[in-house]
Amino acid sequence: MTTILLTGATGYIASHTWIALKEAGFRVLGVDNFANSSPVVLKRLEALLGEKPVFEEADVNDTDRMADIIARHGVQGVVHFAAHKSVGESVAKPLEYFRNNLGGLVSVSTAMERCGVKTLVFSSSATVYGQPERLPITEDCALSSTNPYGMTKLLGEQMLRELERCTPGWAIAYLRYFNPVGAHASGTIGEDPRGIPNNLMPYVTQVAVGKREFLQVFGGDYDTPDGTGVRDYIHVCDLAQGHVAALRHLIEAKTSVTVNLGTGQGYSVIDVVKSFEKASGRPVPYRIVDRRPGDVASCYADPAAAENILGWKAQFGIDRMCEDSWRWQSTNPDGFKD
Ligand code: WQD
């Protein structure tokens, strides 16, 4: 049984990937420092997995500790989720983002190399496409960054590609996430941002549950069907399955791969609001306000490469994403507060 280490393991995407990997027959070890997640997630995972999750509290920037954990648990592959992920926060704290996101990646890769482990899944992002040069976006589209967060994903990819070039033997999956939303169908784990949500879906769910008065729609004058921003929302459980498929590819084919993890379907902000109101039966009042600096009009994937190379394709549509988001938020109005 292959042992996989997840960094940032109690985070939103990692916790869902943890379940998918266990269901796929992997042994999973989680590491987190709870900088942006709650230890309560471990209790929820125990209930879902039917066993106590194997977990070590650690900061990925502690290379010696990471190497010790990898060696002690016989880790054979790593999925590196741990990173700060707020575009707005990255503009305010660029050096903290470079330290944590790039430094953390160097630290984890160094610990892996010390232990002779060279199977790595890197959480990248559609943000590496900057202002997309064409739509739908294919993996050979031009890359650029428009904010420090996006730069850490772009430079992270470039660092790893150079590492592969210099030291053969690495098998790396570069997974470019589009817009992850939704939650495990049980409603016991989900997205639990701290403070005011930056992203659309958690803000919508907090309006629906009465925590926020109304949604601000950032811009109604984009060149899109209804003037609001269009994005490729992907169910977090589909995203988790993409990680399972990527690991199987790395282990079996031992070759690196770069793929978009999206559905290929773009939805506008208003589309999401309407779908969510249908799924929840709750109104989501909104006001159209000025555009948010740095936003692009439209961003959605061509997901063919992931299907052709990994045999993976997203299964869930926007209605299921909204249904599962609502179940999580309505049964956990205060997130992971125990
Ligand atoms: C989606 C749409 C907004 C909030 C970012 C990162 C990306 C990834 C996902 C980390 C846009 C509109 C949003 C609100 C709104 N993050 N919106 N009111 O900006 O596409 O992507 O998050 O990995 O890397 O760049 O996602 O959810 O913030 O915005 O109108 O209160 O919703 O303008 O059109 P985004 P988002």
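The values are calculated or read from the model by the stated rules, or taken from the named source; none is laboratory data. It should be emphasised that the depicted structure is a prediction, and the values quoted were computed from it without experimental measurement. Note that each Cβ is placed from the backbone with ideal geometry, even for glycine, and that neighbours are counted across all protein chains shown. To get the accessible areas, we keep the full protein, side chains included, count just its heavy atoms, and leave off ligands, DNA and RNA. Shrake-Rupley method; radii C 1.70, N 1.55, O 1.52, S 1.80 Å.
Taking 0.36 nm per residue of sequence separation and removing the Cα-Cα distance, the THR110/LYS278 pair yields an extension gain of 55.7 nm. When the accessible area of the chain is computed with all protein chains present and a 1.4 Å probe, what percentage of it is carbon and sulfur? Here carbon and sulfur together make up 50 percent of the probe-accessible area.
Toward the positive end of the charge dipole of the chain, about the Cα centre and with charges on Cβ (Lys, Arg +1; Asp, Glu -1), which of GLY195, VAL54, GLY311 goes farthest? Most positive-ward Cα: VAL54.
Packing around the peptides 225-237, 28-40, taken as the average count of other Cβ atoms within 10 Å per residue, puts them in this order, highest first: 225-237, 28-40.
Solvent exposure of the range 267-324 amounts to 54 Å² per residue of accessible area, where only protein heavy atoms count and the probe is 1.4 Å.
Considering only alpha-carbon pairs that sit under 8 angstrom and 6 or more positions apart, the relative contact order computed for the range 207-276 is 35 percent. What residues from the range 120-162 fall in the zone where the backbone N is under 17 Å from a label point 7 Å along the Cα-to-C-beta line of THR255? The answer is 120, 139-140.
Here the chain is treated with +1 on each Lys and Arg Cβ and -1 on each Asp and Glu Cβ, and its dipole about the Cα centre works out to around 320 debye. In whole angstrom, how far apart do the alpha carbon centroids of the range 312-338 and the range 189-243 sit? The range 312-338 and the range 189-243 have Cα centres spaced 11 Å from each other. Placing +1 on the Cβ of every Lys and Arg and -1 on the Cβ of every Asp and Glu, with no other charges, gives the range 183-338 a dipole of roughly 280 debye about its Cα centre. Simple spin-label model, 7 Å along Cα-to-Cβ: LEU49 to LYS211 in nm? It works out to 2.5 nm between the two label points. In percent, rounded to a whole number, the relative contact order of the chain is 19, using alpha-carbon pairs under 8 Å and six or more apart. With charges set only on the Cβ (+1 for Lys and Arg, -1 for Asp and Glu), what does the dipole of the range 217-297 come to about its Cα centre, in debye to the nearest 20? Charge dipole of the range 217-297: 260 debye, to the nearest 20.
Annotation: peptides 204-217, 263-276, ranked by per-residue average of other Cβ atoms within 10 Å with the highest first, follow the order 263-276, 204-217.
Take the Cα of ALA58, step 7 Å toward its Cβ, do the same at GLN131, and the gap between the two points is 4.3 nm. Charged neighbours of LYS211, selected by a Cβ distance under 15 Å, balance to 0 (K, R count +1; D, E count -1).
For helix 236-253, what angle does its Cα long axis make with the longest principal axis of the chain, in degrees from 0 to 90 and rounded to 10? On a 0 to 90 degree scale, this one is about 30. Counting only DSSP H runs of at least 4 residues, each contributing -39500 (n - 2.57), and dividing by the residue count of the chain, the helix-based mean residue ellipticity at 222 nm comes to -11500 deg cm²/dmol.
Residues within the reach of a label modelled at ARG248 (point 7 angstrom out along Cα to beta-carbon, backbone nitrogen below 14 Å), restricted to the range 15-30, are 20-26.
Computed from Cα atoms, the angle from the helix 12-23 axis to the main principal axis of the chain rounds to 60 degrees.
Solvent-accessible surface of the range 195-252, taken per residue with a 1.4 Å probe and all protein chains present: 37 Å². Applying 0.36 nm per residue to the separation of PHE98 and GLN158 and subtracting their alpha-carbon distance, the gain on full extension is 20.2 nm. For the chain, a Kirkwood radius taken over Cα pairs fed into Stokes-Einstein (37 °C, viscosity 0.692 mPa s) yields D = 163 µm²/s. For the range 127-169, applying the loop criterion from DSSP together with a ceiling of 10 other beta carbons within 10 Å to the trypsin sites (Lys or Arg not before Pro) yields ARG134.
When restricted to Cα atoms, the range 272-338 yields an Rg and a Dmax of 16.4, 43 Å, respectively. Accessible area per residue for the range 65-109 is 42 Å², calculated with a 1.4 Å probe on protein heavy atoms, without ligands, DNA or RNA.
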